[in-house]
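Q: I have a structure I would like to understand better, so I am pasting it below and will then ask my questions one at a time.
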Amino acid sequence: MFLHIFSLVLLVVLCVPTGLLQAQSPNRTGLRAGPIFSTFWGDFNKDEAAFEQWQGYTAGIELSFALSRAFALQLEASYAQKGATMVSIEGQSGYEVRYRLDYIELPILATLTVPSDGALHGRFCMGPFLAGLIHEDVSGTFRGLTIPKPILEDFQPENGFTPFDCGLVIG
């Protein structure tokens with residue numbers, strides 16, 4: 001249900017002309033939405049577990065404050081679905097354990113805009129982000145049969161998922 005509502009909101013956002021979302025000043029306010037791809041990586045043996053990429057969605061708002069015609073400071077707040085799918089355990093296939101993690105992310109970006117006379121402008125951004133985990137869900141199947149939730153506790157990382165994260169955004 002959430003995916004259908006989100007897809008409808010995404011369609012409306014993409015259909016709204018960007019001129020309606022921008023003020024006449026060099027500062028900007030905008031909405032962001034799109035796909036996000038994630039997986040797990042770290043200090044684990046690849047023979048113990050194999051993970052495939054997860055596709056989720058992200059949506060949020062951005063506030064951009066112009067420092068010059070080409071440079072700006074951009075603050076964002078967004079919701080992001082992340083996760084991964086484990087497809088084998090200790091070399092045995094048939095497992096599919098899905099980890100879905102929902103975050104609120106707060107990036108602080110420096111942006112460089114390539115000025116042009118047209119309506120489209122190229123933009124490069126980079127900066128740190130902070131993220132807070134707001135929901136986690138683990139579900140799975142083994143050869144088409146649903147794995148009961150109590151058994152899935154064995155698939156949880158030893159210390160659970162980190163409630164806070166940070167990283168670097170480049171785009």
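The values are calculated or read from the model by the stated rules, or taken from the named source; none is laboratory data. Keep in mind that what you see is a predicted model, and the values were worked out from it rather than measured. Positions of Cβ are backbone-derived with ideal geometry, glycine not excepted, and every protein chain shown enters the neighbour counts. Accessible surface areas use protein heavy atoms only, side chains included; no ligands, DNA or RNA. Shrake-Rupley method; radii C 1.70, N 1.55, O 1.52, S 1.80 Å.
Q: Stokes-Einstein diffusion coefficient for the range 100-170 at 20 °C in a medium of 1.002 mPa s, Rh from the Kirkwood formula over Cα pairs: what value in µm²/s? Don't jump to the answer; show the numbers that get you there.
A: On the way: Rh = 15.8 Å.
D = 136 µm²/s.
Q: Cα-based Rg (one decimal) and Dmax (whole number) for the range 63-133, in Å?
A: In Å, with Rg to one decimal and Dmax whole: 19.1, 58.
Q: Another question, then. Using a 1.4 Å probe, what is the accessible area per residue for the range 34-145, in Å²?
A: I get 59 Å² per residue for the range 34-145.
Q: Please list the non-local residues whose amide H lies under 5 Å from the amide H of ASN27, H modeled 1.01 Å from N, same-chain partners needing a gap of 5 or more.
A: Under 5 Å from the amide H of ASN27: ALA66.
Q: Toward the positive end of the charge dipole of the range 64-140, about the Cα centre and with charges on Cβ (Lys, Arg +1; Asp, Glu -1), which of SER78, PRO128, GLY118 goes farthest?
A: Value: GLY118.
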